[in-house]
Amino acid sequence: MKRSIRKVLPALLILAGTYQVQAQQAHVNLDWNPQKNDRNLLPFGASVISPEVHDDQTVTFRLKAPDAREVALTGGPMLLALGVKDPVPFKRGDDGIWTLKVGPIKPDIYVYKLIVDGVTVPDPNNTLTGFADQPGWSNLVVHGTGPAYYDAKPVPHGAVTRHIYHSDVLKGEREMYVYTPPGYDPKKKYPVLYLVGGSGELASGWSLDGRANFIMDNLLAEGKAIPMIIAMPNNQVLHRNDPKHTELTFDLFEEELKKHIVPFVGKTYSTRADRKGRALAGLSMGGRHTQFVGFKNLDLFSSFGVLSAGDMDTEKTSAAFLNDPDVNKKVDYLFVGQGTGEVETIGKRAVALREALQKHGVKHQYYVGGDGSHDWGTWRHLLYYQFLPNLWRSSAK
C-alpha cells in the first residue's frame with residue numbers, strides 16, 4: 001500500500017514549538033497511517049524500528065537490549081486488544097534485539113509500555129509518546145484501509161488555541177486549549193462545551209490523545225454536529241496524590257470554573273451567554289467533576305456528559321439534583337457513557353449513576369460501546385458516536 005501524503009490545512013493546529021504533532025518516524029504530516037514505513041527507516045535517534053505496523057494489522061515490537069534478562073509487553077488497552085491479561089514476553093535474538101509480533105489488531109490507537117527486567121518503561125524507539133501529569137507511555141497507531149473518525153481528513157479544519165491565564169483561585173498560571181470551528185465568525189454566538197480530562201490528564205489531553213478537534217472537524221463535515229466552541233481547561237487543581245485530593249478537588253474546580261474559566265472564554269470568544277448555551281463534560285475524574293460541580297450549577301449549564309464516571313453513592317452526593325422537581329426542565333441533555341471493557345470494574349460507578357437517574361425519573365441517555373476499557377479508545381468513541389452529535393439538539397434555536 002502506497003503511503004498517502006496530504007497537505008495540512010493552515011488552521012489545523014497551533015504552537016509548533018509547544019504542541020507536538022503526532023506522527024511516527026518523522027513529525028511531518030498528520031497521515032492516518034503514521035507507523036507506515038515503506039523505506040524501512042529508523043526513527044530519528046532510535047536503534048531499531050518499533051513498533052512496526054504491517055498491512056495485515058499485525059504489529060512487531062523491538063528493543064535492542066543485549067544485557068536485559070526479560071522483556072515483555074504490557075498496558076491495559078494493549079492487552080485488552082490482544083485478549084490477554086498477563087504481559088506478553090519478547091524473544092531475544094543472537095544480536096541482542098528482543099522481538100515480539102502480535103495481532104492482527106483492530107485499527108485504533110492503543111497505549112502500551114515495556115517491562116524490562118521488572119522496570120516498566122515507554123518504548124524508547126517510539127516517537128509517539130504520551131504527555132500528562134503521570135509517568136509516560138507509548139502510543140500504537142494501527143491503521144486500517146483509510147482515515148479513521150479521529151484522523152485529520154481533507155476537510156475544513158478548526159483552530160486550537162493555547163491560552164495562558166492567571167488564577168487567583170489556584171495561585172498560579174494556568175493553561176486552557178480552545179477549539180473554534182471552521183469558519184468561526186465573531187459576529188455569531190456559539191454554544192460552548194467545557195470538556196475536561198481525567199485524573200493525571202492535562203489540558204492538552206483532549207486534543208492530543210482524544211483528538212477532539214479532528215473528531216469535531218469530521219462531524220461538522222459530515223453534517224452530524226452543531227458548530228460549537230470546545231474549551232478544554234486543566235481540571236487538575238492540586239497534586240493527584242495529595243491526601244486531601246477527593247476532599248478538595250471539587251470545590252477548587254468549581255471556584256476556578258466560575259471565577260476564571262467560564263468568564264475567560266466569554267470575554268475572549270463570541271459565545272452564547274445563557275445557560276442553554278453551555279455544557280460541561282469530562283472523562284473519569286472529569287466526569288465526576290461534571291456530576292459534583294455541574295449538577296450543582298444548573299443556572300450555569302444545561303447539558304452534561306459523564307464519561308466513564310459516576311458515584312456509588314449518587315443518591316446522597318447528588319440528592320439535590322435528583323430531587324429537584326424541575327430537573328427535567330432545566331437539563332437539555334444528559335449523557336452517561338462508558339466502554340464495553342469497563343462495565344464490570346470501574347464502570348460500576350456509571351451504572352450506579354444510571355440507576356439513580358432512572359429511579360428519580362431524570363431524563364438521560366445511557367450508552368455502552370466501543371472496544372475499549374477505561375482508556376482513550378473508549379473516550380474518543382463516546383465523543384464521536386454519541387455525545388457530540390446529540391449535544392445542543394434540544395436547544396439549537
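Below, the figures for the structure above:
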item: Pair list, Cβ < 7 Å and 6+ apart or interchain, from the range 275-294 residues that are more than 15 Å from T317 (Cα to Cα) to residues that are among the aromatic types (F, W, Y) and not in a strand (DSSP E or B); result: R275/F301; R278/F301; A279/F301; L280/F301; A281/F387; L283/W379
item: Inter-residue pairs, beta-carbon under 7 Å, first under 18 Å from W98 (Cα atoms) and in the range 32-57, second of a type in the set (S, T, Y), 6+ apart; result: P43/T127; P51/T60; E52/T60
item: Selected residue [over 19 Å from the mean Cα position of the chain (by Cα) and not assigned by TED's automatic domain parsing to the domain that holds M285] from N125, N139; result: N125
item: Strands (runs of 3 or more DSSP E) contained entirely in the range 146-248, each with at least 3 residues that are hydroxyl-bearing (S, T, Y) and either outside the structural domain of V293 (by TED's automatic domain parsing) or within 24 Å of R272 (Cα to Cα) (or both); result: 159-167, 172-180
item: One residue from K348, K330 being farther than 23 Å from D108 by Cβ, basic (K, R) and more than 23 Å from the chain's Cα centre (by Cα); result: K330
item: Set D313, D332, D326, D274: member being in contact with a Lys or Arg (Cβ under 7 Å, 6 or more places away or on another chain) and either charged (D, E, K, R) or not assigned by TED's automatic domain parsing to the domain that holds P389 (or both); result: D332
item: Residues within the range 364-378 that are surrounded by fewer than 22 Cβ atoms within 10 Å (Cβ to Cβ) and in contact with a Phe, Trp or Tyr (Cβ under 9 Å, 6 or more places away or on another chain), tallied; result: 5
item: Failed item, numbered, when G223 is tested on (1) surrounded by fewer than 22 Cβ atoms within 10 Å (Cβ to Cβ); (2) at positive phi; (3) in contact (Cβ under 8 Å) with a residue 24 or more places away in the chain; result: (3)
item: Count of residues meeting criterion [surrounded by fewer than 14 Cβ atoms within 10 Å (Cβ to Cβ) and farther than 20 Å from K106 by Cβ] in the range 31-60; result: 7
item: Where D242 falls short, out of the listed (1) at pLDDT 90 or above; (2) touching a helix residue (DSSP H, G or I) at 6+ places or on another chain (Cβ under 9 Å); result: (1)
item: Number of positions in the range 63-93 that are out of contact with any helix residue (DSSP H, G or I) (no Cβ under 7 Å at 6 or more places or on another chain) and under 14 Å from S373 (Cα atoms); result: 9
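So that you can scan it fast, the table gives a plain yes or no per residue for (1) over 28 Å from G294 (Cα atoms); (2) in contact with a strand residue (DSSP E or B) (Cβ under 9 Å, 6 or more places away or on another chain):
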site	(1), (2)
D108	yes, yes
Y112	yes, yes
V142	yes, yes
A148	yes, yes
G183	yes, no
R211	no, yes
M216	no, yes
L219	no, no
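Listed here are the residues, each with its yes/no results for (1) in a strand (DSSP E or B); (2) within 23 Å of R272 (Cβ to Cβ); (3) out of contact with any Pro (no Cβ under 8 Å at 6 or more places or on another chain); (4) not small (G, A, S).
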residue: N297; (1), (2), (3), (4): no, yes, yes, yes
residue: G305; (1), (2), (3), (4): yes, yes, yes, no
residue: N328; (1), (2), (3), (4): no, yes, yes, yes
residue: F335; (1), (2), (3), (4): yes, yes, yes, yes
residue: V343; (1), (2), (3), (4): no, no, yes, yes
residue: I346; (1), (2), (3), (4): no, no, yes, yes
residue: R349; (1), (2), (3), (4): no, no, yes, yes
residue: E355; (1), (2), (3), (4): no, no, yes, yes
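The values are calculated or read from the model by the stated rules, or taken from the named source; none is laboratory data. As the structure is a prediction and not an experimental result, all values here were calculated from the model. Reconstructed Cβ throughout: ideal geometry from the backbone, glycine too, with neighbour counts over all protein chains shown.
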